[in-house]
Amino acid sequence: MTTLGTLSSRALRNGAMQAHEIAVNVPTVTIDDPVAKAVRVMAVGRLPGLIIVDDKARPRVVLPGTQVLRLLVPASYQEDPALIRTIDEAHADEFWSELGDRTVGDCLPKQPSKPVTVPAEATLLEVAALMARTHSPLVAVTSTGGTLVGAVTLDRMLTSLALSGIED
């Protein structure tokens, strides 16, 4: 795995990059973490989404940032836009304080979708196609045992492609 500012010289020289070569370390959360912590992790890390792992560090859910935002907004407001208009301006910015002790697991769908993951050996084309198909700016990169080894962000993907020789 490379650091955020450096691409593997082998990857650039051969032009055959794999997911693990452009993956970066990202902080993760678990289903037992408070939603407020999950949002802070994403905001402080300037991440395009979150990877929620189980107790064995295997990705359970990969959430794009807009889906993390859904964790914050109470379901009643998401389902009824007219209800939102009944909230005065003084309280409109405080909606997320209603979270209380809710955990990430409390806010996830009962049947979450399959996590957006690729094996460490996946090609950049495979990663890019998965990002495009799932509308996810974040893909978890896993080992053969299924544990998280890093993540490919949309920014990292585009930077890698740009530096690998895409012509203007």
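A few remarks follow.
- Taking region 17-34 as the range and being open to solvent by less than 20 Å² (accessible area, probe 1.4 Å) and part of a loop (DSSP other than H, G, I, E, B) as the test, the residues that pass are MET17, ALA23.
- Long-range neighbours under 9 Å by Cβ, at least six apart or interchain, first residue more than 24 Å from PRO34 (Cα to Cα) within region 72-94, second open to solvent by 50 Å² or more (accessible area, probe 1.4 Å) and small (Gly, Ala, Ser): LEU83/SER76
- Scope region 90-120; condition hydrophobic (A, V, I, L, M, F, W, C) and more than 30 Å from HIS20 (Cβ to Cβ); matching residues: ALA90, ALA92, PHE95, TRP96, LEU99, CYS107
Conditions tested, residue by residue: (1) open to solvent by 20 Å² or more (accessible area, probe 1.4 Å); (2) within 21 Å of GLY145 (Cα to Cα); (3) in contact with a Ser or Thr (Cβ under 6 Å, 6 or more places away or on another chain); (4) in a strand (DSSP E or B).
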site	(1), (2), (3), (4)
ALA36	yes, no, no, no
ARG40	yes, no, no, no
ALA43	yes, no, no, no
LEU47	yes, no, no, no
ILE52	no, yes, no, yes
ASP55	yes, yes, no, no
ARG60	yes, yes, no, yes
GLN67	yes, no, no, no
ARG70	yes, no, no, no
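- Residue pairs whose Cβ atoms lie under 7 Å apart, separated by 6 or more positions or on different chains, with the first residue in region 102-128 and open to solvent by 90 Å² or more (accessible area, probe 1.4 Å) and the second part of a strand (DSSP E or B) and of a type outside the set (Val, Ile, Thr), are GLU121/GLN18.
The values are calculated or read from the model by the stated rules, or taken from the named source; none is laboratory data. Here the structure is a predicted model, which means the values were calculated and not measured. All Cβ positions, even for glycine, are placed from backbone atoms using ideal geometry, and neighbour counts span all protein chains on display. All accessible areas refer to the heavy atoms of the entire protein, side chains included, with ligands and DNA or RNA removed. Shrake-Rupley method; radii C 1.70, N 1.55, O 1.52, S 1.80 Å.
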